[in-house]
1. For the range 14-120, list the helices (runs of 4 or more DSSP H) that sit wholly inside it and hold at least 1 residues that are under 23 Å from the mean Cα position of the chain (by Cα) and over 24 Å from residue 1 (Cβ atoms); which are they?
2. Among residues belonging to the range 215-229 that are modelled with pLDDT of 90 or more and touching a Phe, Trp or Tyr at 6+ places or on another chain (Cβ under 8 Å), point out the one that is surrounded by the fewest Cβ atoms within 10 Å (Cβ to Cβ).
3. Just one of the numbered conditions (1) closer than 18 Å to residue 118 by Cα; (2) loosely packed, with under 11 Cβ neighbours inside 10 Å is not true of residue 178; which one?
4. Any chance the range 48-56 includes a residue that's crowded, with 19+ Cβ neighbours inside 10 Å, outside the structural domain of residue 245 (by TED's automatic domain parsing) and not hydroxyl-bearing (Ser, Thr, Tyr)?
5. In the range 10-28, what residues are surrounded by fewer than 19 Cβ atoms within 10 Å (Cβ to Cβ), in contact (Cβ under 8 Å) with a residue 24 or more places away in the chain and among the charged types (D, E, K, R)?
6. When residues of the range 193-211 are filtered for being assigned to a loop (DSSP other than H, G, I, E, B) and under 23 Å from the mean Cα position of the chain (by Cα), how many remain?
7. Output the residue which, of all residues in the range 151-184 that are among the polar types (S, T, N, Q) and in a loop (DSSP other than H, G, I, E, B), is nearest to residue 108 (Cα to Cα).
8. If residue 190 meets every condition in (1) assigned to a loop (DSSP other than H, G, I, E, B); (2) modelled with pLDDT of 95 or more apart from one, which number is that one?
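The values are calculated or read from the model by the stated rules, or taken from the named source; none is laboratory data. Only a predicted model underlies this, so the values are computations on that prediction, with no experimental measurement involved. Positions of Cβ are backbone-derived with ideal geometry, glycine not excepted, and every protein chain shown enters the neighbour counts.
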Amino acid sequence: MLSKNQIKLVHSLQSKKGRDKEGCFVAEGPKVVSDLMEILKPKMFFATQGWIDSNPQIDNDIVVVTDDELRKISFLQHPQGVLAVFPMLVSQPKCDFDDSSLYIALDGVQDPGNLGTIIRVADWFGITKIFCSRNTADVYNPKVVQATMGSIARVRVEYCDLQVLFDSLPTGYPVYGTFLDGEDIYKKSLTPNGIIVMGNEGNGISAAMRSRINNRLLIPNFPEGRQTAESLNVAIATAITCSEVPCHMVFALQKMFVLNFSGFFASWPSISLRSLKSFRQSL
């Protein structure tokens, strides 16, 4: 049974002020909650009896609630049987990076749904860290957490001064950004390491960050010469750009297919993006 204090606490976590004060955030639904439980121990755990009966392996202290009680604390229009309160991950004092890895940097992405989807995209392509400017949406916003579909448990999101971070990059380190006057992404060879910068939904990449980008990319519309949408959603543009990075593209495709043919399987990691495109164009 829910207490008034429990209801009040969960409701307070809907705002960033409340989350910062309590050091906690809310996750809902079997997938998101179960993925987070692999790395974090929940401070509070609410579930319906039906969900508990279907998940007997859960040994946390569970507050059993009715469907009506769950609706009182849920941030979802249609609650999914379970809600948990988790502690926030400890913030790093500085944004560390490995210059052999691929990262995403978000410059003022405001929409929680976009941030959550980008985290999910990063997880799919094997990117384990995202750097965010301090004016990017809060990763612990309930809408962000829900949109990640559990990927928040595997992708680290760090907030920092992006200009300071970029000042620390080695000379010539690949920094990618998408622009209308960039080079066709399908004709340019991207490196398996670097930082992909994505900007604000309305204004794009800020002027301060544009000067730091040494690889300007264009995602062309199709077919050429026909009027199409003015721009792409930032999460979609992120996915397209990540898909053009060779090793991460192959990693993602390997996840998509179960390959049972030993000869083909042995040669699969060496398949390049260009050969895949040639195959696609020949169909």
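1. 16-22, 30-36
2. So the residue we want is 220.
3. Single failed check for residue 178: (2).
4. So far as the range 48-56 goes, yes, one or more of its residues are crowded, with 19+ Cβ neighbours inside 10 Å, outside the structural domain of residue 245 (by TED's automatic domain parsing) and not hydroxyl-bearing (Ser, Thr, Tyr).
5. Once the filter is applied, which keeps residues that are surrounded by fewer than 19 Cβ atoms within 10 Å (Cβ to Cβ), in contact (Cβ under 8 Å) with a residue 24 or more places away in the chain and among the charged types (D, E, K, R), the range 10-28 yields only 16.
6. 6
7. Among residues in the range 151-184 that are among the polar types (S, T, N, Q) and in a loop (DSSP other than H, G, I, E, B), the one nearest to residue 108 (Cα to Cα) is 168.
8. (2)
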